[in-house]
Amino acid sequence: MAKKSFVGEIIRGIIKDNPVFVLVLGLCPVLAVSTSFANALGMAMAFTFVMLGSNIFVSLLRKQIPPGVRIPIFILIICTFVTMIDMMLEAFLPPMYEALGIFVPLIVVNCIVIGRAEAFANRNPVLPSIADGIGISIGFAAALMLLGSIREILGTGALKLMMLWSKDGELGFYPLSDIPGFSFVPNPIEFSIEPATVMVTPPGAFLTIAALMLLFKIMGDRKRMKQLKKEGYEI
Amino acid sequence: MAETKDSIVMILFKLTLIAVVAAVVLTATYGVTQEQLAKLAEAAGGPDKQLLEMGVVPDATKFKLVGGGEICYEAYAGSDLIGYGAMAEVQGMQDIITLAVGVNTDFVVTGVVVVSQKETPGIGDKIQKDEGFVAQFAGVGLDGLKLSDDGGEIDGISGATISSGYVTAGVVEIIGKMQQEVS
Amino acid sequence: MIETPGLMPTEDLFPIFVNAMFTKNFLLIMFLGLCSYVGLTTNSDTSKGMSMAVTFVMTMSAILTWPIYYYLLSDASILKTDLTFLRTICFILIIASFVQLVEFIIRKFSPPLYKSLGIYLPLIATNCAVLGVVLLNIQEGYTYGASIIYAFAAGLGYSWVMLATAAVREKLIMRNVDLFSGFIGAFFAATMVALIVVSYFSVVKL
C-alpha cells in the first residue's frame, strides 16, 4: 500500500471524496443552513469541531472498541462532542446558536461523521484520521458555503461576508470589513441583479444543489471523455 | 488483524467506561457554559432593565412590574407614571418574534423594538434591520395599528408585507395584554 | 425550574397536524431525513416500507422520550438537578435501542419484510427526522398528547412526500433520461414537490 501523504488525504476529502457532492451524505444541514454565508460558516465550524473530535478519539480507541457495539460507541463519542459544541455555542455565540437551531444537535446523526468513523477512523491510525477529518470538513465547508453564497446572492441580491472575530472583547460573527486589514471588502457586496426570493426558500435549496450536481457531473463527464479519447477509444 | 473477542463483561465495562468519561466531560463543559450564561443573563438584566435600555418609552427612567401583572411594566420618569412597557413573544411568519412595545398612559404607542426574530433572511428580517419600519409605530393608537393596505397607518416593508403584518398584529396583541394587566 | 407541560393536549391540534404534514413538512421544509429520501425514492415499494417504519419509530420515540425528559432530566423531576444538557445523548440512545428492538421483532415475525428493508432499517436510528421530531417536541413545549400527535403527523408528512417523489422518480428512470439520473433527478423532483407545498400553502410569497 503506497504511503499516503497527510496533505494528499486532505485533498482527497475535499475533491475526490467530497461528502456533499460525491458521497451525497449529510444533506440535511447543507440544505437547511445554507440560507446565508454567515450561517453556512457557523455550521461548518461546528461540524469541523465534531468531525475532528470524533475521528481523533475513534482512531485512538480503535483497537479497544468491541466490534459488536461499535456503532453505539461511535454515537457516544460523537454525541459528547456535539453536546459540547452545542453548549458552548449557546453560551458564547447566542445569535449563531439561535440561527443554527436544532441542526447542531443533529450533527450527531449526520451520516458523514458516523460514516467516516466507521469507514476510516476505525481502521486507521490517528494522523491519517486527522487528515481525513480535516479534508472532509473542508469539503463539507466548501459545499456549504458555495451553496450559501449562491442562495444569498440570488435570493437577496447581496452577499455579506462574515467571520468569527472578537470585537471590543465580544465574540461573534462580524462582517469581514470589520477585521483590520480587510476593510476594503464592501459590506454587503451588492450585485445588480433582481433578487429571486425563492432561492432562500426550500425549493430554492433543492434547485441549487441539483444545478450544482448537474454542473459537476457535466464537468466530470467531459474530463472522462477527454481521457478516453486520449487513450485512443472511439467516442 | 487477529483480536481476541471480548467477553460480555468486558464489553459492558468498556461501554460504561466511555459513558462515564462522556458524562464527566459534559458536566465539566456544562459548568463552564452555565457560568457564561449566568454572566450574560446578568448583563442583560431583567425585562425592566432591557425595556429601559431599548428606550421604547422615551424619557422613562425606571420600569416597574405592574402589580399582579406578568409582562406589563409601568414606566416612570422620576416619580411620574408616563406610560407602560412590555416585552413578549408573538407569532411571526416563520417562527416566534420577540417584541418590546412602549405606550403612553392612553395606550398610544411610543416605541417598538424587534428584539429577536427568525424570519426569512434578507426578506422578512428587514423588520429588524430597517429602522424606519418600527419608527412608524410611534404615535399610532390602537385604531391605526393596521397595515396601510388594510386602512391602517403602518406601511408594510415592500417584499416583506407578511412579516410586517405579523409585527403589527403582535403589537396589537401586546397592547391588549398590557391593558388587561393594568386594569 | 422547567415548567412541565401537562399530559392531555391543551393546544390546538389541527394546526399542529397541518404544520407537520404540509407547511412545516419535515422533508421539504425542515430538511430533515433527506439521506433516506434521496436514497430510497427510486422504488415505490421500499418507499412504502420505509415510510411505515419511520412513522412507527417516530411515534414510539415521542412516547418514550417525552417522559424521560420531563420526569428524569429536567430539574423539576425526581432527581432535582438540571440534566437537560444530556438530552441529545439520551434521546439518540433511546431511539437506537428502540430501532434495534424493532429490527429484532421484524426479523422474528416477518423475514420477507426484514429482507426487503435491508440495511435501511438500522439506518432509521440515524435519520435526522426521528431525532428532529423528539427535539422539536421539547423545543415547542408540547404536552404529552400533542407531542405524540405531532410525531405521528410528522411521520405522515414524511410518508406522503416519499411516495410522491418515488412516483415522479420512477417515471424519470423509466424514460432513461441520463442527465437527470440518480441524485440530480431526486433533487429536481424535490424542487417540484417543494414548490407545490410552498406556493399552495402560501408559506412564502414567491
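Laboratory data are not the source of any read-out in this text; all were calculated from the coordinates shown. This one's a predicted model, so the numbers in the text were calculated from it and none came from an experiment. All Cβ positions, glycine included, derive from the backbone under ideal geometry; neighbour counts span all protein chains shown.
Enter the mean number of other protein chain beta carbons within 10 Å of the beta carbon of each residue in A:181-194, as an integer. Walk me through the numbers on the way to the answer.
On the way: counts 0, 0, 0, 0, 0, 0, 0, 1, 0, 0, 0, 0, 0, 0.
Mean inter-chain Cβ contacts per residue within 10 Å come to 0.
Considering only A:214, A:146, A:93, the mean-square fluctuation computed in a Gaussian network model of chain A, springs between alpha carbons under 10 angstrom, is largest for A:214.
Between the amide H of residue B:110 and those of B:102, B:103, B:104, B:139, distances stay under 5 Å, these residues lying 5 or more places away or on another chain, with hydrogens modeled in the peptide plane. Peptides C:32-45, B:28-41 ranked from most to least packed by the mean count of surrounding Cβ atoms within 10 Å: C:32-45, B:28-41. Quick note on the stretch B:1-107: its Rg to Rh ratio, both from C-alpha atoms and Rh being the Kirkwood radius, is 1.41. Report note on the peptides A:22-28, A:73-79, C:127-133, B:105-111: ranked by the mean count of other C-beta atoms within 10 Å, highest first, their order is C:127-133, A:73-79, A:22-28, B:105-111.
Report the calculated FRET efficiency for residue B:13 and residue A:15 (r = Cβ-Cβ distance, R0 = 56 Å), to the nearest 0.05. After rounding, the FRET efficiency stands at 0.85. Along the stretch B:60-70 the Karplus relation, 6.51 cos²θ - 1.76 cosθ + 1.60 evaluated at θ = phi - 60°, assigns HN-Hα couplings of 6, 10, 7, 10, 9, 4, 5, x, x, x, 10 Hz to successive residues, with x for each Gly and Pro.
Of the residues B:141, B:163, B:182, the one whose Cα sits farthest toward the positive end of the charge dipole of the stretch B:129-183, with +1 on the Cβ of Lys and Arg and -1 on the Cβ of Asp and Glu, is B:182. Using a ≥ b ≥ c from the Cα gyration tensor of the stretch A:1-122 (square roots of the eigenvalues), is it rounded, prolate or oblate, where a/c under 1.5 gives rounded and otherwise the larger of a/b and b/c decides, a/b for prolate? Oblate, because a/c is 1.5 or more while a/b does not exceed b/c. Remark: mean inter-chain Cβ contacts per residue of C:135-141 equal 1, using a 10 Å Cβ-Cβ cutoff to other protein chain atoms. Beta bridges from DSSP with both residues in chain B: antiparallel share about 95 percent, rounded to the nearest 5. Taking the Cβ-Cβ separation of residue C:119 and residue B:115 as r and a Förster radius of 41 Å, what is the calculated FRET efficiency to the nearest 0.05? It comes out at approximately 0.30.
Which entries in B:146/B:177; A:167/B:39; B:118/C:80; B:49/B:129; B:39/B:62; A:16/B:14 show an alpha-carbon gap greater than 28 Å? If you can, show how the numbers build up before the last one.
Working: B:146/B:177 17 Å; A:167/B:39 18 Å; B:118/C:80 33 Å; B:49/B:129 22 Å; B:39/B:62 22 Å; A:16/B:14 36 Å.
Checking Cα-Cα distances, B:118/C:80; A:16/B:14 exceed 28 Å.
Residue by residue, the stretch B:11-28 carries 3J(HN,Hα) couplings of 4, 4, 4, 4, 4, 4, 4, 4, 4, 5, 4, 4, 4, 5, 4, 5, 5, 4 Hz when phi is fed to the Karplus relation 6.51 cos²θ - 1.76 cosθ + 1.60 (θ = phi - 60°); x denotes Gly or Pro.
Within chain C, the proportion of C-alpha pairs whose separation exceeds 25 Å stands at 42%.
Please work out whether the stretch A:8-230 counts as rounded, prolate or oblate from its C-alpha gyration tensor, where a ≥ b ≥ c are the square roots of the eigenvalues and a/c under 1.5 means rounded, while otherwise a/b larger than b/c means prolate and anything else oblate? Oblate is the answer for the stretch A:8-230, as a/c is 1.5 or above yet b/c matches or exceeds a/b.
In this structure, the amide hydrogen of residue C:27, modeled 1.01 Å from its nitrogen in the peptide plane, lies closer than 5 angstrom to those of C:32, counting only residues at least 5 positions away or on a different chain. Neighbour counting of Cβ atoms within 10 Å sorts the residues A:151, C:107, A:222, A:70, fewest neighbours leading, into A:222, C:107, A:70, A:151.
Each listed q (0.05, 0.07, 0.12 Å⁻¹) maps to a log10 I(q)/I(0) for the protein assembly as shown from the Debye sum over equal C-alpha point scatterers, namely -0.25, -0.49, -1.43.
Taking chain A as a Gaussian network of alpha-carbon nodes connected by springs under 10 Å, the highest mean-square fluctuation of the residues A:152, A:170, A:90 belongs to A:170.
Taking square-rooted eigenvalues a ≥ b ≥ c of the alpha carbon gyration tensor, is the stretch B:1-44 rounded, prolate or oblate, where a/c under 1.5 means rounded and, failing that, a/b exceeding b/c means prolate?
Details: a/c = 8.74, a/b = 4.44, b/c = 1.97.
Prolate, because a/c is 1.5 or more and a/b exceeds b/c.
Compared with the dominant Cα axis of chain B, that is its longest principal axis, helix B:161-182 is turned about 80°. Spin-label pair residue C:100-residue A:193: with each label point 7 Å from Cα along the Cα-Cβ axis, the two points sit 5.0 nm from one another. With chain A treated as a Gaussian network of Cα nodes joined by springs under 10 Å, which of A:182, A:57, A:47 yields the largest mean-square fluctuation? Between A:182, A:57, A:47, it is A:182 that shows the largest mean-square fluctuation. Taking the convex hull of the alpha carbon positions in the stretch A:88-139 and averaging its projected area over all directions gives 4.4 nm².
Order these peptides, B:10-19, C:184-193, B:156-165, by their mean beta-carbon neighbour count within 10 angstrom, highest first.
On the way: B:10-19: 14.5, C:184-193: 23.5, B:156-165: 19.3.
Most protected by this proxy first, the peptides run C:184-193, B:156-165, B:10-19.
For C:89-101, what's the mean count of beta carbons from other chains sitting within 10 Å of each residue's beta carbon? Intermediate results must be reported in sequence, preceding the final value.
On the way: counts 13, 1, 3, 10, 5, 0, 2, 4, 1, 0, 0, 2, 0.
Counting Cβ atoms of other protein chains within 10 Å of each residue's Cβ and averaging gives 3.
Which value, in debye to the nearest 20, describes the size of the charge dipole of the stretch B:24-122 about its Cα centre when Lys and Arg Cβ atoms bear +1, Asp and Glu Cβ atoms bear -1, and nothing else is charged? Each step should come with its number before you reach the end.
Working: 5 positive and 12 negative charges, 39 e Å.
Around 180 debye, computed over the stretch B:24-122.
Screening chain C for whole DSSP H helices of 24 Å or more along their axis (Cα) with average Kyte-Doolittle hydropathy at least 0.0 returns C:44-68, C:87-109, C:144-174, C:182-200.
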